[in-house]
Structures are given as C-alpha cells and as structure tokens.
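What follows is one structure encoded as structure tokens, with my remarks underneath.
Read the figures in this text as sums done on the coordinates, not as results from a lab. Owing to the predicted nature of the structure, the values given are computational and were not obtained by experimental measurement. Using ideal geometry, Cβ is built from the backbone for each residue, glycine included, and neighbour counts are taken over all protein chains shown.
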Amino acid sequence: MTTKPQLISDLMLPELERQLAEDPSLWPNVKGNELKPLITADEELARGSAKGKVRTVKIQVEDNDLLNFITGGMTGVKAYMTGKIKVRGDLILAQRLEEVFEKAGGRDRALEFIKKNEEVLALAQKSKL
C-alpha cells in the first residue's frame, strides 16, 4: 500500500479555510460586499458556489514556492515575474488576494501554524534539500 506524498499545501490550505470560516473579518471587501473566498481545486465546486457572475482567478504554484511566498521569502509580483506563480484569470484579483493576506496577518499566522505543526516543519525541511 502506497500513501500519497503529503504536501505543505495539503496542511496549510485547510488551515487557511478554517481561519476564514471562523473569522469573517478576514474576508475581502469587494465593492461593499463581503465575499467569502473559496479555496479549492474542484472547478465544479467553485462554479456551484458562485451566485451570479463572479471574478475568478486560478493560481498555480509549486509547493516549496508556496511556502516561500506565505512566509515572506518572495512577493507575489516577483513570483509572477519569474514564473514561480502562474495566474489564469483576473490578475488584479490575484494581486488583491495578496493584499488581503497581508492585512489579515497571513505571514504571522502561517509562521505560527508552522511552528506548532511538526508535519509542516518536516516537509519544509525536506523541500529545502
């Protein structure tokens, strides 16, 4: 029996979703409407959750680059310009997501979660090798 290798994003993204669910003040305010962000790789789920026309963005990033970004080692613009983050869809929305992340204290929250989670620490060390 083989197990799927665990990624840093497998641990970090559910934590992000949990925090967004617990604290609506973290949600972005778009044109006066608080919209709950949806983080998913399931396109059907994304389409089904949309009420009317919504702006969407698809972001592709390698696991170790995600860790580098959320811990402050790389900015979104730098990652985009060097091809480490690929964006399809609304580029301005992608930039706004970084702003929301910063305003919500995302880097500090991510670092605190990593310190408390041995699995993330082990994966982070492994990705540096």
TODO: With the Cα gyration tensor of segment 59-129 in hand, convert its eigenvalues to equivalent ellipsoid semi-axes via √(5λ) and list them largest first in whole Å.
DONE: 22, 15, 9
Task: Spin-label model distance (nm) - Thr71 vs Leu11, 7 Å beyond Cα toward Cβ - done: 1.1 nm
TODO: Could I have the simple spin-label model distance between Asp90 and Arg18, label points 7 Å from Cα toward Cβ, reported in nm to one decimal?
DONE: 2.9 nm
TODO: Quote to one decimal, in nm, the extra length available between Glu44 and Glu62 on full extension: 0.36 nm per residue of separation minus the C-alpha distance between them.
DONE: 4.2 nm
Open item on the list: I want the local charge near Val61. Using Cβ-Cβ distances under 9 Å, sum +1 for each Lys or Arg and -1 for each Asp or Glu among the other residues.
Closed with: -1
Task: 13 Å beta-carbon shell around Ala79, net charge (K/R +1, D/E -1) - done: 0
